[in-house]
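Worksheet for the structure shown next.
The values are calculated or read from the model by the stated rules, or taken from the named source; none is laboratory data. None of these values were measured; they are calculated from a predicted model. FYI the Cβ positions are ideal-geometry reconstructions off the backbone, even for glycines, and counts take in every protein chain you see.
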Amino acid sequence: MRQTRMMSLLFAAGATVLFAATAALKLHASVPDAQRPQLGHASHSPHIYKPSRLADADILPKTASRDLSILYYLGIARGHLIASIALAQQGKLDQSVLHSRHALDEAWLELSTLLATEDADALRPKFEAVNESIALKSPLSSIASAHEDAQALIERIAAAAYSAAGERLNSTMDLVLLLLKQAEAEYEEAWDNFRLKNRLEYQDGFGFIAVANDELQDVYHLLQARNPQAATQIKNTMEHVVRAWPSHEPPATPVMSKPVLRALVTAVELYAKQLSD
């Protein structure tokens, strides 16, 4: 009976996004391959970064620019920290510390090869402070303070990377699309049909989608100025994407099927292509 109700919900969700996905696919078919923008096109840096194969490196193209690579791994770090602080606020420190550690072991490890030495050296102790405060089960006020310090430095470094990348809207949309694809990949790993397979991956996706949504909100006025119709389509589709993660804690059963989420992410990507028309 539960499965029947769940299938009905998934069918309804699919019907909600079918029009957007279908329209986006038609748009995709009408655009010649040579005219489709590639990730990282906004950066003027000649440096090509070839990422190592860590957990979050599969989504980043091998041809991604240095600036986009920095923004991506900063976004990954932010996502891990968002999941970490959300769990810490609930007193779930044993789960929280796993995410804070990933900000250090995954994101900083990559950033250390990309950032200027002074920025890399400044960022590591910020991540370590967050991780240590959680591992030692410090008061929430201490954990929150360490978290805020880390986020503030991430924002400063990201601002410099955006400045170096050039055109802000294109750079941000490149980042948003990468984070959407990363969140989708986490969702794929988190669920096995209607059964939760990996709580940590679900929480990773929650953090990454939160960062993607924040970044999109920051440039929404630029989206509207360039292409109001595409801006509305992207905004509406993103609102559906976010619903796949109703909380940092996974629901008893998924609220969205993997194919529906996949169609939504594809729709955002294809609507974004209209920005360069």
Yes or no: Ala210 under 21 Å from Arg262 (Cβ atoms) and small (Gly, Ala, Ser)?
-> yes
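Yes/no matrix, rows are residues, columns are (1) in a loop (DSSP other than H, G, I, E, B); (2) over 14 Å from the mean Cα position of the chain (by Cα):
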position	(1), (2)
Leu216	no, no
Gln229	no, yes
Thr232	no, yes
Val241	no, no
Pro250	yes, yes
Glu269	no, no
Just checking, how many residues over the stretch 116-145 are small (Gly, Ala, Ser) and surrounded by 22 or more Cβ atoms within 10 Å (Cβ to Cβ)?
-> 1
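Conditions (1) of a type in the set (A, V, I, L, M, F, W, C); (2) over 18 Å from Ser96 (Cα atoms); (3) modelled with pLDDT under 95; (4) assigned to a helix (DSSP H, G or I), marked per residue:
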| site | (1), (2), (3), (4) |
| --- | --- |
| Ile154 | yes, yes, no, yes |
| Ala159 | yes, yes, no, yes |
| Met173 | yes, yes, no, yes |
| Val176 | yes, yes, no, yes |
| Glu186 | no, no, no, yes |
| Ser247 | no, no, no, no |
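Residue-wise test of (1) within 17 Å of Asp174 (Cβ to Cβ); (2) basic (Lys, Arg).
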| residue | (1), (2) |
| --- | --- |
| Tyr202 | no, no |
| Lys235 | no, yes |
| Val242 | no, no |
| Pro250 | no, no |
| Val268 | yes, no |
Residue, farthest from the chain's Cα centre (by Cα), within the stretch 146-195, restricted to residues that are surrounded by 15 or more Cβ atoms within 10 Å (Cβ to Cβ) and hydroxyl-bearing (Ser, Thr, Tyr) | Tyr162
Give the residue that is surrounded by the most Cβ atoms within 10 Å (Cβ to Cβ), with candidates limited to residues of the stretch 248-273 that are farther than 19 Å from Ala212 by Cα and out of contact with any strand residue (DSSP E or B) (no Cβ under 7 Å at 6 or more places or on another chain).
-> Ser257
Test: Glu118 is farther than 24 Å from Trp245 by Cβ, among the charged types (D, E, K, R) and either in a helix (DSSP H, G or I) or touching a strand residue (DSSP E or B) at 6+ places or on another chain (Cβ under 6 Å) (or both) | yes
Kindly establish whether Ser163 is in a helix (DSSP H, G or I) and closer than 16 Å to Leu81 by Cα.
-> no
Provide a single number: the residues in the stretch 220-233 that are surrounded by 21 or more Cβ atoms within 10 Å (Cβ to Cβ) and closer than 23 Å to Leu74 by Cα.
-> 1
Enumerated helices (runs of 4 or more DSSP H) restricted to the stretch 1-115, each holding at least 2 residues that are at pLDDT 95 or above = 66-89, 93-102
Among all residue pairs at least 6 apart or on different chains, which show Cβ distances below 6 Å where the first residue, located in the stretch 66-91, is crowded, with 24+ Cβ neighbours inside 10 Å and the second is assigned to a loop (DSSP other than H, G, I, E, B) and modelled with pLDDT of 95 or more?
-> Ser69/Leu114; Ile70/Leu114; Ala83/His248
